[in-house]
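See below for the structure under consideration.
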Amino acid sequence: MTRLRHRNGSPHVVVVGGGFAGLAAVKTLAKVKPPVRVTLLEQHNYHLFQPLLYQLATGLVQPADIAHPIRAIVRRYRRTSVRMATVSGVDFDARQVLTEEGRRFGYDYLILAAGATTATFGIPGVEEHSFPLKSMPDALRLRAQLLRQFELAENDPSEIDKGALTVVVVGGGPTGVEMAGAMHELFKHVLVHDFPDLDIANARVVLLEATDHLLAPFHPSSRQHAQDILAKRGVEVRLGQALERATPTEVKLKDGPVIPTRTLVWGAGVRAHPLADDLGLEQTRGGRVLVGEDLSVPGRPEVFVVGDLAGAGDGKGGLLPQVAQPAIQEARHAALQIQHSLDGTERTGFQYKDKGIMATIGRNAAVTELPSGARFKGVLAWYMWLVLHLAYIIGFRSRVAVLVNWIWSYLTYDRHARIIVAVEPARRAARAAQPPAAAPSGAGSRERPAVP
Ligand SMILES: Cc1cc2nc3c(=O)[nH]c(=O)nc-3n(C[C@H](O)[C@H](O)[C@H](O)COP(=O)(O)OP(=O)(O)OC[C@H]3O[C@@H](n4cnc5c(N)ncnc54)[C@H](O)[C@@H]3O)c2cc1C
């Protein structure tokens, strides 16, 4: 193995992105010997726990419960510094990371972990009129939209027939399933009391899935369980139904039907962060950056790509799923390869350790599958989901806050964070709340196992 030469002093590692992968890399690099200097570049000043975004969108938790200040996480690592910066590109020959703020960060080793974004598959109207769930503003925007539509319907019940209380969720993967279940609970257990003059039976949650099953990565019995539970609780599950186009007031399905709605929730697609398109590196399915067995970029042994941004092989000819465990394990592996380069030992190929998959469907209902083949559903799977997700939330305070919210909500059916916060331009917020004068004319599923 070639020993990479460094500039003066300790080798400098730049990590781009403070998500699951970026933080795992930083933690592992803190233990590397000889010590390295680390600079973490993150566009936000917080780490976001994406798996609970749907709970933020449905009023169960508050922003600070699922977002933790990056500096508070990293300050315990003496040789690691943080810069709030948005990376715009990399000059690989000069070994410099470029930021939108006009700064350049030189590196000896680089770990790119900028995550993923939503893919709309070019379906007309989805980009403009849907509510994705990828970031904190996304979740707050969706929460505001849901609540505004109820306010609107109470002021003018004729809006109900025009879709004010109809939510269409696209994508029957874990995100779509958990969103549909949680929204239905919000309507039937919470908003029913807030809006006593509204007939809550008119509030609909429609879950659209293009294939003939929900939860693609799961065993057929788990899929069926999810479908049965959702249907039993009142979610309209429509399988084999793909979206053709969306407008601000309705969605049109490929086989004809039109559903009036103002709230189209997009949980159907994911692709690598757009940064991947600007790097000039070879990309694979979903725009992900192609990496070698050690997770470095072919021909650039000092550059690693990990997490949702990376197209790491699963050893069976496919790619690893874009979920938290591969991201964490890949990041640790990349950091250890830097260790190998520093001490002159041979690099190793990445091998993913499957820890199982799980998805929550709603109160007392989840599905969990372990690599051993053991499958759990119902309350036990739900407890497993709760414990695991709680364990992965960063910060004791946040963990306690989330747990208290969960217990409170479980005992009282209440969701205290049902607050409308305007996180969008006033013009768009106004447009979202108001029924448009006339309706202008205006997929697959995120294959996401759900174990962090
Ligand atoms: C709604 C939702 C629910 C999910 N639920 C689950 C689940 O239950 N279980 C599970 O295992 N996985 C789940 N996932 C997937 C999981 O969250 C991701 O796989 C995981 O976050 C990937 O980690 P990452 O570090 O690669 O990317 P991320 O965690 O997305 O981190 C990327 C970081 O890079 C930063 N960044 C991006 N671009 C730049 C830039 N140009 N400059 C600087 N910083 C930048 C971002 O701000 C972000 O902090 C879910 C995802 C979503 C959206």
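The values are calculated or read from the model by the stated rules, or taken from the named source; none is laboratory data. All values derive from a computational prediction rather than experimental measurement. Please note: Cβ atoms are built from the backbone with ideal geometry, for glycine as well, and neighbour counts cover all protein chains shown. Please note that ligands, DNA and RNA were not included when accessible areas were found on the heavy atoms of the full protein model with its side chains. Shrake-Rupley method; radii C 1.70, N 1.55, O 1.52, S 1.80 Å.
Yes or no, residue by residue, for (1) out of contact with any strand residue (DSSP E or B) (no Cβ under 8 Å at 6 or more places or on another chain); (2) outside any helix (DSSP H, G or I); (3) surrounded by fewer than 16 Cβ atoms within 10 Å (Cβ to Cβ):
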| residue | (1), (2), (3) |
| --- | --- |
| Ile73 | no, no, no |
| Tyr77 | no, yes, no |
| Ser88 | no, yes, yes |
| Asp93 | yes, yes, yes |
| Gly102 | yes, yes, yes |
| Gln145 | no, no, no |
| Arg148 | yes, no, no |
| Glu154 | yes, no, no |
| Ile160 | yes, no, no |
Margin query: Among the residues of segment 121-131, are any open to solvent by 10 Å² or more (accessible area, probe 1.4 Å) and β-branched (Val, Ile, Thr)?
Written below: yes
Notebook entry, point to check: In segment 112-139, how many are assigned to a loop (DSSP other than H, G, I, E, B) and hydrophobic (A, V, I, L, M, F, W, C)?
Noted result: 6
Check: Does Val379 satisfy being within 20 Å of the chain's Cα centre (by Cα) and either over 17 Å from Gln55 (Cβ atoms) or aliphatic (A, V, I, L, M) (or both)?
Finding: no
Check: Out of curiosity, is Val305 within 11 Å of the ligand (Cβ to nearest atom) and surrounded by 21 or more Cβ atoms within 10 Å (Cβ to Cβ)?
Finding: yes
Item checked: Of residues in segment 34-71 being in a loop (DSSP other than H, G, I, E, B) and open to solvent by less than 10 Å² (accessible area, probe 1.4 Å), the one nearest to the ligand (Cβ to nearest atom) -> Phe49
Next item on the list: Could you pull out the residue among Gly240, Gly280 that is open to solvent by 20 Å² or more (accessible area, probe 1.4 Å), within 16 Å of the ligand (Cβ to nearest atom), of a type outside the set (A, V, I, L, M) and at positive phi?
Entry: Gly280
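What strands (runs of 3 or more DSSP E), lying completely within segment 207-274, carry at least 3 residues that are at pLDDT 95 or above?
236-239, 243-246, 250-253, 258-260, 263-266
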Margin query: Tell me whether segment 354-374 contains one or more residues that are within 15 Å of the ligand (Cβ to nearest atom) and polar (S, T, N, Q).
Written below: yes
Note to self: For a quick check of your reading of the model, give me the residue pairs whose first member lies in segment 16-32 and is more than 19 Å from His44 (Cβ to Cβ), whose second is assigned to a helix (DSSP H, G or I) and open to solvent by 20 Å² or more (accessible area, probe 1.4 Å), with beta-carbon atoms closer than 7 Å and at least 6 apart or on different chains.
What the structure shows: Thr28/Arg332; Thr28/Leu336; Val32/Gln339
Next item on the list: May I ask you to list the residues in segment 8-33 that are open to solvent by 30 Å² or more (accessible area, probe 1.4 Å), within 13 Å of the ligand (Cβ to nearest atom) and either under 15 Å from Val82 (Cβ atoms) or not in a helix (DSSP H, G or I) (or both)?
Entry: Lys27
Note to self: Every residue in segment 397-411 that is open to solvent by 60 Å² or more (accessible area, probe 1.4 Å) and not hydrophobic (A, V, I, L, M, F, W, C), please.
What the structure shows: Arg397, Arg399, Tyr410
